[in-house]
Amino acid sequence: MNRLVTLALSLAFLLIAFPLISIGTTNGPPLLWWLGLMALAIGGILPPLRRVFPPKEPLPKPTKVGLPEDERVS
Amino acid sequence: MTDPQIPVDLLQWGLALLPIAVLMVLMVALRWTAPQAGAFGMFAAAGISLLAFRTPLETLAVGGAKGVWDALFILYVVWPALLLYQVTDQAGGYEALRRGITRFSNNELFVVLALGWVFSSFLQGIAGFGTPIAVVAPLLVAFGVRPIYAVAIPIIAHVWAKFFGTLAVGWLATLQVVDLADEAEVAFQTGLLLIIPVVLGGFTVVWMYGRGPALRHAWPLVLIIAAIHGGGQAVMTLVDPVLSTFIPATLALLALYPLSRWKRYADLPDTITDRPAMRTVRAHGAVEAAAPMSFAMSFLPYILLTGLTIGALVIEPLNAVLGRFSVGLPFPEATTGYGVVRAAAEPYSPIAPLTHPGTFLILTSVVTWMIYRARGYYAAQALPEGGEAGERSVMRALLADAIPASVPVIAFLAMAQIMNHSGQNDVLALGIAAVAPAMAFAFLSGSIGALGAFMTSSSTSSNVLFSDLQHSVAELKSLPEAGIIAAQSAGGAIGNAIAPANVVLGASTAGIAGQEGAIIRKTLPWTIIAVVLTGAATVLLVWVFP
């Protein structure tokens, strides 16, 4: 899966967790906060998973601010 | 806040520290990217909460969700700041700005100090929430500063303004959580301690630029600005803490003009040959092609941003009206098996979007885009082979930058709240307090503040987390509250220099997402020195004002 798509999915899962947990732990059915907790876990696991399943795509292009010419970047 | 049931021993303290250690090792030593390290740190904090801190899943969920909400305060700066960056950049604004600044002063070091230290501090005085980093980092890159330094410089140089900045939001939050006997004394002593990051920040920027020869050239300039920033802030705390950063930061900005006319700073001396922070070879009178727009037009977004922010925050009736609208969701009381309790909130930490800097950045972006579009700058910058320009290109670039920046900010703050709700933060602070004699605790109290800022990327949040605890320990150890709360506040400001969310924000706006570890390697030594000096000064303060 493309890096940006993975992170976009991760972001969506993390964001949706907030209202689900708030509603589920206050007035709504408990199922909602369980779903929210799962969303938090899925959103959190996606970025590190990319280390386990490294992408086949080439690394992203350097931006025009000059990362490749910055030999002191580290 | 904390039940005595929670064990405070070396094992528990080490476990509480583990998520932070994991995060630092992954980012700095193993060079994981921020989204990967942040998410892993969140799981580490959750795992330790479940296994060693008797935290129920519902409490974990509440902590994590509050972290997501806390992150939205920062993301509401990240997305609009990146939007403003793209709106300006794709019209050729940064190229024009770089050329204009070069003409303003022939002294490259003077410009780096003016943008990286004085302008970022001015922005912190009014805006905050990461705005100085998001705005200044791309400006420095456009000027020719290497991206890593372009992020590290404003981060280090503006933290002195964190606590009393944004019209003293950190100070006002502290007054909400701690019942202080002498508020004026606490504010003044905090102002005194914050002189340390002012002076250290200015000299570090100069050192980063050109090492020893640059220090010999710029020391009078640094001392003058430091006197305005640090001395001005300390004195202003006696008059009105709310304006104690804003006024000296504005005075320093105004002082730049007479200082730029000073013959000593007309040109950069030839003795400065090693310029590690700069990308380009110094050009002496090189002739360049015409700029994409005038300097005044390239500076338009910053004039707009400043005007909007000052107007909305300083004009009290307008601020009151705009601040009336706020949003937030409720959370129930959260507890753990060790009796750690976090109170219910109805609503939790509501956000007032109309007085938030993100709104000012969005308005600035929209107005700037309309003006630049009307003047044809986007069409002029379009690639000759049919490349796109304008809104589609801006939005595509915004998504590519903002999505990778958003995930780690949420992960860091969810991790911080999970640690807070499980009692790991309490064990960390109480552990230090338990083993340290009174004066040693005074020395370490600033580092607790710095730890809070590292975890939450906010001096305000650090004080909300730890001020009450520091106050209680100060009473137990018969230490003066003013010195200890001042140390907590100064440490909370300094800790922002290594706060991952700040670093992610800077890396994104400077176009070097993924290089967060390299930035922290630049800011970490500074932070350690600043915390140690603050600790020593705190010991002196509690000894002089017992």
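Mind checking B:340-348 for the average number of partner chain beta-carbons within 10 Å of each residue's beta-carbon?
Averaged over the peptide's residues, the number is 1.
In Å and whole numbers, how far do the C-alpha atoms of the range B:202-352 stretch along each principal axis, longest first?
Result for the range B:202-352: principal-axis Cα extents of 64, 42, 36 Å.
Suppose R0 equals 60 Å; then what is the FRET efficiency for B:Leu11 and B:Ala379 from their Cβ-Cβ distance, rounded to the nearest 0.05?
Efficiency for this residue pair is about 0.35.
For A:Leu31, project a label point 7 Å along Cα to C-beta. Then give me every residue of the range B:42-74 with its amide nitrogen under 19 Å of that point.
The answer is B:58.
Can you tell me, using C-alpha contacts under 8 Å and at least 6 residues apart, the relative contact order of chain B as a whole percent?
Rounded, it is 28 percent for chain B.
Relative to the Cα centre, what is the charge dipole magnitude of chain B, using +1 at the beta carbon of each Lys and Arg, -1 at the beta carbon of each Asp and Glu, and rounding to the nearest 20 debye?
1640 debye
Hey, got the dipole for the protein assembly as shown? About the Cα centre, +1 on K and R Cβ, -1 on D and E Cβ, debye to the nearest 20?
The calculation lands at about 1740 debye.
Over the alpha-carbon set of the range B:369-508, work out the extent along each principal axis and list the three values in angstrom, largest first.
Here the spans come out as 72, 28, 19 Å, largest first.
Between 0 and 90 degrees, rounded to the nearest ten: what's the tilt of helix B:165-177 against the longest Cα principal axis of chain B?
Approximately 10 degrees, to the nearest ten.
Report, in debye and to the nearest 20, how large the dipole of the range B:224-358 comes out about its Cα centre when Lys and Arg carry +1 and Asp and Glu carry -1 on their Cβ.
340 debye
Limiting things to C-alpha atoms, what are the Rg and the maximum Cα-Cα separation (Dmax) for the range A:3-52, in angstroms?
11.9, 39
Compute the distance in nm between two label points, each set 7 Å from the Cα along the Cα-to-Cβ direction, one at B:Val544 and one at B:Lys263.
Going from the B:Val544 label point to the B:Lys263 one covers 3.8 nm.
Which one, A:Gly24, B:Ala21, B:Ser461, projects farthest toward the positive side of the charge dipole computed for the protein assembly as shown from Cβ point charges (K/R +1, D/E -1)?
Going by the Cα projections, it comes out as B:Ala21.
Taking N as the number of residues in the range B:39-171, what is its alpha-carbon radius of gyration divided by 2.2 N^0.38 Å?
1.35
Which whole-number percent gives the relative contact order of the range A:3-52, counting Cα pairs below 8 Å spaced six or more residues apart?
Rounded, it is 42 percent for the range A:3-52.
Are any of the pairs B:Lys162/B:Lys263; B:Lys162/B:Lys522; B:Lys263/B:Lys522 more than 30 Å apart by Cα-Cα distance, and if so, which?
Going by Cα-Cα distance, B:Lys162/B:Lys263; B:Lys263/B:Lys522 fall outside the 30 Å limit.
Let me know the whole percent of all Cα-Cα pairs from chain B that are separated by more than 42 Å.
More than 42 Å apart: 17 percent of the Cα pairs in chain B.
Using only Cα positions of the range B:94-218, each an equal point scatterer, no hydration layer, compute I(q)/I(0) via Debye at q = 0.17 Å⁻¹ and quote the log10 values to two decimals.
-0.85
Which distance in nm do the two modelled labels at B:Val341 and B:Val435 give, with both placed 7 Å along the Cα-to-Cβ direction?
3.1 nm
Given B:Pro292, B:Ala114, B:Val366, which one lies farthest toward the positive end of the charge dipole of chain B, if we put +1 on the Cβ of every Lys and Arg and -1 on the Cβ of every Asp and Glu?
Farthest towards the positive end: B:Pro292.
Determine, for each peptide in B:486-498, A:25-37, the mean count of other beta carbons within 10 angstrom over its residues, then list the peptides with the highest first.
B:486-498, A:25-37
Which value at 222 nm does chain B reach when only helices count, each DSSP H run of 4 or more adding -39,500 (n - 2.57), with the total divided by all residues and rounded to the nearest 500 deg cm²/dmol?
Rounded to the nearest 500, it is -23000 deg cm²/dmol.
From the mean inverse distance of alpha carbon pairs (Kirkwood) and the Cα radius of gyration, derive Rg over Rh for the protein assembly as shown.
That ratio equals 0.96.
Calculate one ³J(HN,Hα) per residue across the range B:136-148 by plugging θ = phi - 60° into the Karplus curve 6.51 cos²θ - 1.76 cosθ + 1.60, and present them in order as whole Hz with x for glycine and proline.
7, 4, x, 5, 5, 4, 4, 7, x, 7, 4, x, 4
Read-outs throughout are calculated quantities, based only on the coordinates presented, and are distinct from any laboratory measurement. The shown structure was predicted, so the numbers you read here are calculated from the model rather than taken from an experiment. Glycine also receives a Cβ, built like all others from the backbone with ideal geometry; neighbour counts cover every protein chain displayed.
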